Amino acid sequence: LGEHAFEDDRKAAKGDHALDDSRFEDASIMIVGRNFGCGSSREHAPQALRRAGFSGFIGSSFAEIFAGNCTSLGLVCITLEEADLERLRESVELDPQQTIRIDVAERTVFSQCGKMQGQIPDGTHEQLLCGQWDALGMLLSAGPEIEATEARLPYGSSR
């Protein structure tokens, strides 16, 4: 899936797309615009971006379903004020190799621009910090509890 991220946009841009720009080839954080992910509500969209090497997104807003799907994959979506986002964009254009770091615990973004306060919704923030975003991992770790519950339920018992 990763190689197909933004495939239609990239084809239409005829090589003039950020994902085809060698300056950004090692990027793991994507700087995006307003309502990013709108129209991409299926899990395939964040899954493709994850497989393309992205672990986080910094934008001014995110489509709700897209952001939820990102969270369930452990991908971080953090919003910045427009002025901070524009400063970050300009800084990355000048130095694409700079390190950008998202501190989920503090809800901040660090770059050559300095420290910028971001926003991550409270529920999402808690899920990312506690590892609750990984539903499959939680289910697998609760095997004995699931089996005990199944044994107690008349319709769940495999006996």
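The values are calculated or read from the model by the stated rules, or taken from the named source; none is laboratory data. All figures in this text were calculated on a predicted structure; none of them were measured in a lab. No Cβ is skipped: glycine too gets one built from the backbone with ideal geometry, and neighbour counts run over all protein chains shown.
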Query raised in the report: Going through the range 83-100 one residue at a time, which ones are under 14 Å from Asp26 (Cα atoms) and surrounded by fewer than 15 Cβ atoms within 10 Å (Cβ to Cβ)?
Result: Asp95, Gln97, Gln98, Thr99
Requested in this report: Give the residue that is farthest from Ala48 (Cα to Cα), with candidates limited to residues of the range 67-124 that are polar (S, T, N, Q) and in contact with a Lys or Arg (Cβ under 9 Å, 6 or more places away or on another chain).
Outcome: Gln117
Query - Condition check for Ala105: in a helix (DSSP H, G or I) and either exposed (fewer than 12 other Cβ atoms within 10 Å of the Cβ) or not polar (S, T, N, Q) (or both) - result: no
Report task. Go through the residues of the range 125-135 one by one and say whether even a single one is among the aromatic types (Phe, Trp, Tyr) and modelled with pLDDT under 90. Result -> yes
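Select from the range 108-129 the residues that are assigned to a strand (DSSP E or B) and either surrounded by fewer than 17 Cβ atoms within 10 Å (Cβ to Cβ) or without any contact (Cβ under 8 Å) to a residue 12 or more places away in the chain (or both) and list them in ascending order.
Thr108, Phe110, Gly114, Lys115, Gln117, Gln119 - these are the residues of the range 108-129 that are assigned to a strand (DSSP E or B) and either surrounded by fewer than 17 Cβ atoms within 10 Å (Cβ to Cβ) or without any contact (Cβ under 8 Å) to a residue 12 or more places away in the chain (or both).
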